[in-house]
């Protein structure tokens with residue numbers, strides 16, 4: 001079941017939560033709505049579910065207008081950040097809830113409900129918890145129960161609001177891989193909201209980056225990460241270094257070096273910003289290349305298998321962050337305070353008249 | 001409601017230190033929240049002395065006074081037609097007022113906890129008003145409104161309706177006086193619970209009523225029962241406002257508390273105590289029911305957990 005969002009607007013008093021958003025989620029796809037807090041991603045998800053009404057715009061499920069359909073009639077499965085399990089019911093009763101509250105005419109028999117619930121509990125590998133209460137389960141287990149409960153009503157679309165936001169890092173990583181596998185099995189159109197770029201890039205088929213109620217970029221995880229559409233997406237998806245650059249006839253000049261910027265072949269002596277990711281900066285102990293910038297190592301931090309350097313260079317106002325593997329760092333023989341040379345391998349240049357956003 | 005139990009178990013735990021293998025070590029490594037023994041004993045003594053002096057002693061006096069001259073005298077006082085009529089009236093009022101305020105309490109708490117609207121702080125303060133106003137003043141307000149000299153008096157007289165010095169007046173002032181109990185109990189509870197569970201229920205296809213019945217109501221059950229018990233106790237015991245609007249017509253508009261006062265003023269102390277013991281007994285019974293229900297529920301949960 002595809003979901004179509006057609007020019008949806010939503011404001012809360014003076015705050016614009018969703019600003020003229022149009023999107024289509026294709027059938028069977030797992031999409032991440034990624035953005036900082038206050039970017040409108042949760043509001044958009046709640047509008048799709050019917051938990052909020054848009055001020056203007058339409059929502060269509062598979063071409064059928066559902067904008068005015070009550071949330072209980074929409075056939076969506078919704079998973080909340082804080083699980084929202086029914087505290088006073090057992091796990092079994094929680095999962096069975098969507099079936100037991102159906103009107104008598106469409107309600108399955110007790111045996112059918114029991115079979116279905118147990119099958120779902122097996123699917124989330126928690127069939128042994130059927131007679132427990134939610135407070136007796138861990139956070140990760142509760143979220144899996146919440147998912148089983150949402151799936152029990154065979155929703156047309158599955159919506160997840162920061163589903164792993166309240167869990168610790170390890171459980172979170174396990175659970176998102178599990179969600180990916182589960183989605184590959186059941187193939188229901190799913191949208192999940194997250195502010196964690198790693199989560200979005202790892203789990204989803206498609207990433208929609210949102211900021212201030214607008215869609216900044218919409219594409220596959222690779223596309224979004226490798227070719228950010230604007231400075232905001234660049235900054236939001238991972239760390240990035242910012243260099244002042246002079247853009248002239250298809251190249252960007254930073255300090256004494258020139259980087260190719262073919263998209264600006266017609267520009268002459270424009271001022272712009274070059275964005276370079278930390279792992280795209282090469283570090284040398286000596287001036288091995290003519291197009292390297294002189295720098296000084298200000299801080300070295302070893303993070304597991306990687307080493308992060310903070311370097312000072314005249315070409316950038318802020319410290320430049322570079323990331324390299326530990327063995328490479330050892331081979332260089334650098335230490336805090338020593339002189340070094342840096343060379344951007346790849347950069348993306350934006351001119352100030354393009355939308356510059358706060359990061 | 002459970003704080004007393006929790007406090008008791010807190011004390012138990014303090015008596016059996018977790019690092020009991022080495023008592024000397026345990027003593028030195030006393031936790032920051034543990035107090036010296038003399039302080040514990042003093043606090044417990046003070047609390048128990050207060051309870052004994054201000055709760056247990058008066059209760060015993062009432063029961064002693066009621067049964068001093070034997071069960072026959074007690075029965076006689078209760079069977080007096082005026083007493084029976086007062087009891088009937090009080091029960092009638094409880095039967096009207098408690099459901100009314102339960103409905104209002106849930107509606108008000110729901111509105112305040114689950115919706116955003118203008119004037120919400122004003123509504124919250126207004127709900128508290130009956131607590132702040134003296135009951136006598138409440139009675140006077142309604143006399144001014146509905147009395148024969150009051151604003152609506154002539155209209156009521158023209159339509160042959162009696163409110164003041166009649167049952168409707170008593171119901172109104174008691175409903176007013178007990179209005180905050182259930183709402184006050186439910187508002188913080190519902191605010192703290194938020195609306196996620198209700199939203200989950202709706203997305204699962206449950207109707208608004210089913211969501212209320214299966215999700216909201218079980219979550220507020222204890223607060224609601226507690227509020228109803230308080231409301232019930234106050235409705236039976238309300239004196240000041242009723243004294244103003246009822247006119248104290250014996251056998252007609254005397255509630256139990258008013259009847260007790262009448263007996264007392266007529267130097268019929270044993271009868272006054274006998275009727276008082278009824279109210280006291282009802283209070284004890286409601287508290288007992290509440291404890292039993294709570295205990296049952298806890299046991300059910302424990303059994304399910306095992």
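Against the test of being in the same structural domain as residue A:168 (by TED's automatic domain parsing), closer than 30 Å to residue A:237 by Cα and at pLDDT below 90, the options A:14, A:20 yield a single qualifying residue, A:14.
Annotation note: of A:346, A:321, the sole residue that is touching a helix residue (DSSP H, G or I) at 6+ places or on another chain (Cβ under 8 Å) and assigned to a loop (DSSP other than H, G, I, E, B) is A:346.
Per-residue answers, yes or no, for (1) surrounded by 15 or more Cβ atoms within 10 Å (Cβ to Cβ); (2) at pLDDT 90 or above; (3) more than 14 Å from chain A (Cβ to nearest Cβ); (4) under 30 Å from residue A:153 (Cα atoms):
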{"position": "B:130", "(1), (2), (3), (4)": "yes, no, yes, no"}
{"position": "B:158", "(1), (2), (3), (4)": "no, no, yes, no"}
{"position": "B:173", "(1), (2), (3), (4)": "yes, yes, yes, no"}
{"position": "B:180", "(1), (2), (3), (4)": "yes, yes, yes, no"}
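Out of B:158, B:95, B:166, B:86, one residue alone is free of Cβ contacts under 8 Å to residues at least 40 places away in the same chain and farther than 30 Å from residue B:216 by Cα. It is B:158. Could you please let me know if residue B:233 is part of a helix (DSSP H, G or I) and either surrounded by fewer than 21 Cβ atoms within 10 Å (Cβ to Cβ) or modelled with pLDDT of 90 or more (or both)? Yes. Taking the criterion of being part of a loop (DSSP other than H, G, I, E, B) and within 14 Å of chain B (Cβ to nearest Cβ), the residues of the stretch A:128-138 that qualify are A:130, A:131, A:132, A:133, A:137. When the residues of the stretch A:65-86 are filtered to those that are over 14 Å from residue A:154 (Cα atoms), at the interface with chain B (Cβ under 7 Å from one of its Cβ atoms) and touching a residue at least 24 places away in the same chain (Cβ under 8 Å), the one that is nearest to the chain's Cα centre (by Cα) is A:80. Within the bounds of the stretch A:279-294, is there any residue that is touching a residue at least 12 places away in the same chain (Cβ under 8 Å), within 27 Å of residue A:197 (Cβ to Cβ) and assigned to a helix (DSSP H, G or I)? Yes; the residues of the stretch A:279-294 include at least one that is touching a residue at least 12 places away in the same chain (Cβ under 8 Å), within 27 Å of residue A:197 (Cβ to Cβ) and assigned to a helix (DSSP H, G or I).
Hey, any hits in the stretch A:192-202 for a residue that's closer than 27 Å to residue A:52 by Cβ, within 14 Å of chain B (Cβ to nearest Cβ) and assigned to a loop (DSSP other than H, G, I, E, B)?
Among the residues of the stretch A:192-202, not one is closer than 27 Å to residue A:52 by Cβ, within 14 Å of chain B (Cβ to nearest Cβ) and assigned to a loop (DSSP other than H, G, I, E, B), which makes the answer no.
Filtered by the rule that a residue be on the phi < 0 side of the Ramachandran plot, assigned to a loop (DSSP other than H, G, I, E, B) and either out of contact with any helix residue (DSSP H, G or I) (no Cβ under 6 Å at 6 or more places or on another chain) or not assigned by TED's automatic domain parsing to the domain that holds residue A:178 (or both), the stretch A:68-86 gives A:68, A:69, A:70, A:74, A:81, A:82. The listed residues are B:93, B:106, B:164, and the only one of them that is surrounded by 17 or more Cβ atoms within 10 Å (Cβ to Cβ), in contact with a helix residue (DSSP H, G or I) (Cβ under 6 Å, 6 or more places away or on another chain) and modelled with pLDDT of 90 or more turns out to be B:93.
Candidates A:224, A:215, A:247: the one that is at pLDDT 90 or above, buried (at least 17 other Cβ atoms within 10 Å of the Cβ) and either touching a helix residue (DSSP H, G or I) at 6+ places or on another chain (Cβ under 9 Å) or in a helix (DSSP H, G or I) (or both) is A:224. The set of residues in the stretch B:182-215 that are more than 9 Å from every other protein chain (Cβ to nearest Cβ), under 25 Å from the mean Cα position of the chain (by Cα) and within 19 Å of residue A:103 (Cα to Cα) comprises B:212, B:213. Applying the selection to the stretch A:152-174, what residues are touching a helix residue (DSSP H, G or I) at 6+ places or on another chain (Cβ under 6 Å), over 13 Å from residue A:195 (Cβ atoms) and within 14 Å of another protein chain (Cβ to nearest Cβ)? Passing the criteria: A:152, A:153, A:159.
Does any residue of the stretch B:42-60 turn out to be at pLDDT 85 or above and in contact with a helix residue (DSSP H, G or I) (Cβ under 7 Å, 6 or more places away or on another chain)? Yes; the residues of the stretch B:42-60 include at least one that is at pLDDT 85 or above and in contact with a helix residue (DSSP H, G or I) (Cβ under 7 Å, 6 or more places away or on another chain). Filtered by the rule that a residue be within 13 Å of chain B (Cβ to nearest Cβ), in a helix (DSSP H, G or I) and without any contact (Cβ under 8 Å) to a residue 24 or more places away in the chain, the stretch A:96-112 gives a lone residue, A:100. No other residue among A:59, A:47 is within 14 Å of chain B (Cβ to nearest Cβ), under 27 Å from residue A:223 (Cβ atoms) and either surrounded by 13 or more Cβ atoms within 10 Å (Cβ to Cβ) or touching a residue at least 60 places away in the same chain (Cβ under 8 Å) (or both) apart from A:47.
When every residue of the stretch A:21-30 is checked against the conditions, none turns out to be part of a loop (DSSP other than H, G, I, E, B), without any contact (Cβ under 8 Å) to a residue 60 or more places away in the chain and more than 12 Å from chain B (Cβ to nearest Cβ). Filtering the stretch B:216-227 to residues that are at the interface with chain A (Cβ under 8 Å from one of its Cβ atoms) and surrounded by 17 or more Cβ atoms within 10 Å (Cβ to Cβ) leaves only B:219. Of A:93, A:141, A:125, A:115, all but one fail to be without any contact (Cβ under 8 Å) to a residue 60 or more places away in the chain, within 27 Å of the chain's Cα centre (by Cα) and either within 8 Å of chain B (Cβ to nearest Cβ) or part of a helix (DSSP H, G or I) (or both); the exception is A:141. Under 26 Å from the mean Cα position of the chain (by Cα) and surrounded by fewer than 19 Cβ atoms within 10 Å (Cβ to Cβ): does that describe residue A:306? So residue A:306 fits the description; yes.
The values are calculated or read from the model by the stated rules, or taken from the named source; none is laboratory data. Predicted, not measured: the structure shown is a model, and the values here were computed from it. Backbone-built Cβ (ideal geometry, glycine too); neighbour counts: all protein chains shown.
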